[in-house]
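Since the structure comes first, as structure tokens, the remarks are kept for the end.
The values are calculated or read from the model by the stated rules, or taken from the named source; none is laboratory data. None of these values were measured; they are calculated from a predicted model. Note that we place each Cβ from the backbone using ideal geometry, even for glycine, and neighbour counts take in every protein chain shown.
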Amino acid sequence: MKTLHIQYFAILREQRGESNETLSTESNDAAALYEDLQKTHGFTLPVDRLRVAINGEFQPWPAPVEDGDELVFIPPVAGG
Amino acid sequence: MKTLHIQYFAILREQRGESNETLSTESNDAAALYEDLQKTHGFTLPVDRLRVAINGEFQPWPAPVEDGDELVFIPPVAGG
Amino acid sequence: MAFRISAEPIQPQSQADVLQHPAAGACATFEGWVRDHNEGQAVASLEYEAYAQLAETEGNRIMAEATEKFELLAAAAVHRVGHLQIGEMAVWVGVAAAHRGPAFDACRFIIDELKARVPIWKKEHYVAGASAWINCATKGDFAADTAPPENS
Amino acid sequence: MAFRISAEPIQPQSQADVLQHPAAGACATFEGWVRDHNEGQAVASLEYEAYAQLAETEGNRIMAEATEKFELLAAAAVHRVGHLQIGEMAVWVGVAAAHRGPAFDACRFIIDELKARVPIWKKEHYVAGASAWINCATKGDFAADTAPPENS
């Protein structure tokens, strides 16, 4: 089991109803974790429309995770 | 004979030593007039590097002139 | 050559001051403003949210790329977060270069890359009452929280 | 949609105020600054002179062309005349449009056309003491009043 810290922004924050959470998971990568969370929380965006950042940096999917990592799932951006 | 009013700017003003003058001429167009003035005052720019404005509007060469016209010979511009 | 996220209104003049450089002959700026419509819908206001830490990292990476690619003498950019009204400035980009060609090209490169890469999100609030996170649709054009009426 | 000649220093913020428009999502500006070098020579200052009446007529014609060509919501430009020091603003152009593509394109169109068509002249004063009316050379690159030294 790994302990992971997740921050949610924008549409994911609203759909999750929280800005962040700490959870324990058996998932080995961020992609698998997102797909679990998507079922639980009803996130509308499929994983292939997201990017992921781990410990403050973008990482390519499937993005292996380690105990203590800080994850942010990044919905399609829309600055400007 | 026509009476014409000429304004000089930039390099032509400096080479003429005046900002404007009124003169009488037998020239029928601005191109011929410039070539006369060029000889008298030693203007370095040939007529084909100038444009001319008559009564506040650009006119294509040779630019016929009439009594009382206001002429400006326009050296290559360099705004910005 | 800095990009930053600001929760306060952007002051373009104080931003522009950092661009001064004696070898600079050209300064190009871009401002993104909240406009009163999008894709045919009347917009009442916009909310911007950022993952600030990564936004600043990625934004500064873009500034560095632009500086190298276009031989800039100075560059700065700032993106607003929070709830903005029509006419408010959402983003400001300014660059200085010796000549205008690179200045325009760099300014455009920066705003294009900021929009494409930096983790900032925009929620439109429509005059008709609905709202939507832009680019987050899973069907149609919008990921509407509530479906916007067709004639708004 | 106005172009004007100014003998006073340009105040960009007061210029920019005229660009405000509720449908505008993009504002692009260009500023031309007096830089400390040109074509390899160290520049001390610049003198700008205009045939103001025709400059404003032709400048406004350019603004109208840009407004039509790029569907601008607002546009303004001002060109300074007089003796300017390094870092001073010689020209300011600002446009507002719904989207950034037309805003950048229009801003660039305006400055390109202003430089090409408007009767404004520039005399460079070099650090080495010579001076030259730009673009008025009859041989070589400059119409020097006094030949600038080669190594300045």
Candidates C:Gly40, C:Gly82 - the one that is surrounded by fewer than 22 Cβ atoms within 10 Å (Cβ to Cβ) and at pLDDT below 95: C:Gly40
Failed condition for D:Arg100, given (1) under 30 Å from B:Ile11 (Cα atoms); (2) of a type in the set (Lys, Arg); (3) within 13 Å of chain C (Cβ to nearest Cβ): (1)
Within region D:56-73, tally of residues that are more than 18 Å from the chain's Cα centre (by Cα) and either at pLDDT below 95 or buried (at least 19 other Cβ atoms within 10 Å of the Cβ) (or both): 4
Residue that is under 12 Å from the mean Cα position of the chain (by Cα), exposed (fewer than 15 other Cβ atoms within 10 Å of the Cβ), modelled with pLDDT of 95 or more and more than 30 Å from C:Glu31 (Cβ to Cβ), where the choices are A:Asp69, A:Asp36: A:Asp36
Qualifying positions in region A:7-29 - more than 12 Å from chain C (Cβ to nearest Cβ) and either acidic (Asp, Glu) or not in a loop (DSSP other than H, G, I, E, B) (or both): A:Arg16, A:Glu18, A:Glu21, A:Thr22, A:Leu23, A:Ser24, A:Thr25, A:Glu26, A:Asp29
Residue among A:Pro64, A:Pro46, A:Pro60 that alone is out of contact with any helix residue (DSSP H, G or I) (no Cβ under 7 Å at 6 or more places or on another chain), surrounded by fewer than 17 Cβ atoms within 10 Å (Cβ to Cβ) and within 19 Å of C:Val118 (Cβ to Cβ): A:Pro60
In region C:103-127, residue surrounded by the fewest Cβ atoms within 10 Å (Cβ to Cβ) [restricted to those that are away from chain A (no Cβ under 12 Å) and of a type in the set (A, V, I, L, M, F, W, C)]: C:Val127
